[in-house]
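Inspection log for the structure reproduced underneath, given as structure tokens.
The values are calculated or read from the model by the stated rules, or taken from the named source; none is laboratory data. All values derive from a computational prediction rather than experimental measurement. So basically every Cβ, Gly included, is an ideal-geometry build from the backbone, and we count neighbours across all protein chains shown.
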Amino acid sequence: MITRIRSKLKFGDPGYIGLPYWPERNTVINIGKEIHPKLGPAKKEAALLATLEGLGMTRARYHEICELAMRPFYTDNGARNGEIIIPQRVIQSFINNASQSAPKVIPRINSKGLTFIGVTLDGGFLRTGMHESDAKKFERFVRPPKDSKGKGSNQPIWCSSDYIADFVAAGTFMVDEEVVKCEDLQKLMEYGGRWYGVGSARPQGFGRFQVIEWDVM
């Protein structure tokens with residue numbers, strides 16, 4: 001039995017960092033691996049052009065891919081001028097994280113696989129009503145990750161991430177009550193929204209929200 005729930009999640013400040021990993025970002029990284037970092041500017045350019053030629057890609061297309069790779073949020077039209085959305089899979093991952101970490105007094109979905117079957121969003125996302133022009137900057141130093149052998153630089157890197165704050169994310173949940181009861185999912189969402197949050201930079205307090213509407217239709 002599928003039950004529809006009209007929901008609104010209230011995000012304060014700090015708000016939500018999307019930081020999506022686009023397929024285009026993977027392409028840019030793979031191209032960069034073909035260019036030795038110690039080459040001078042002219043040789044780097046020559047190596048880049050040779051790599052692009054081998055891929056059958058023009059310089060203009062490469063610039064376009066680089067721009068697409070830097071999109072800071074998912075949007076309803078996939079472009080930077082669209083409305084920022086929170087995708088279904090982000091919410092499902094949040095539910096799984098909360099289910100694995102919440103105390104026993106909080107209702108949970110014990111099997112991760114069932115979350116992706118039992119809890120979905122109409123249209124596949126929550127709408128935020130926000131656009132990239134509304135975003136602020138969160139800047140900080142981070143330490144680069146080590147490789148599989150534990151090697152790597154210890155020098156912190158200055159990072160900047162776009163975030164949106166003080167908004168309401170709205171959408172309709174579609175819940176299979178054989179997986180989780182609507183009232184139990186609400187309790188899990190409320191607990192997880194307070195303590196865990198969604199999106200990136202959660203240890204810094206981002207992604208926290210309150211459930212301000214949970215209307216079973």
query = If you scan the stretch 6-58, which residues turn out to be farther than 30 Å from GLN204 by Cβ, touching a helix residue (DSSP H, G or I) at 6+ places or on another chain (Cβ under 9 Å) and surrounded by 11 or more Cβ atoms within 10 Å (Cβ to Cβ)?
reply = ILE31, GLU34, ILE35, LEU39, LEU48, LEU49, THR51, LEU52, LEU55, MET57, THR58
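Out of the stretch 95-140, which residues are in a strand (DSSP E or B) and within 20 Å of ILE2 (Cβ to Cβ)?
Result: VAL119, THR120, LEU121, PHE125, LEU126.
Suppose we filter the stretch 143-160 for residues that are closer than 22 Å to SER200 by Cβ and part of a loop (DSSP other than H, G, I, E, B); how many remain?
Result for the stretch 143-160: 9.
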request  = Could you check how many residues of the stretch 185-209 are surrounded by 16 or more Cβ atoms within 10 Å (Cβ to Cβ) and either of a type in the set (Lys, Arg) or not in a loop (DSSP other than H, G, I, E, B) (or both)?
outcome  = 12
Breaking point among (1) of a type outside the set (A, V, I, L, M); (2) in a helix (DSSP H, G or I); (3) over 22 Å from LEU19 (Cβ atoms), for ASP215 = (2)
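Would it be correct to say that TYR163 is in contact with a helix residue (DSSP H, G or I) (Cβ under 7 Å, 6 or more places away or on another chain) and outside any loop (DSSP other than H, G, I, E, B)?
Criteria not met by TYR163.
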note = Per the list (1) over 20 Å from the mean Cα position of the chain (by Cα); (2) loosely packed, with under 15 Cβ neighbours inside 10 Å, residue check on ASP166 breaks on (1)
message = Filter the stretch 114-141 down to the residues that are exposed (fewer than 11 other Cβ atoms within 10 Å of the Cβ) and over 17 Å from the mean Cα position of the chain (by Cα) and list them by number.
response = SER133, GLU139, PHE141
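Return the only residue of ALA79, ALA69 being surrounded by 16 or more Cβ atoms within 10 Å (Cβ to Cβ), modelled with pLDDT under 95 and farther than 30 Å from VAL180 by Cβ. Step through it out loud before you land on a result.
On the way: ALA79 fails: surrounded by 16 or more Cβ atoms within 10 Å (Cβ to Cβ).
It is ALA69.
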remark   = Counted residues in the stretch 178-204 being out of contact with any helix residue (DSSP H, G or I) (no Cβ under 9 Å at 6 or more places or on another chain), in contact (Cβ under 8 Å) with a residue 12 or more places away in the chain and under 30 Å from ARG140 (Cα atoms) come to 5
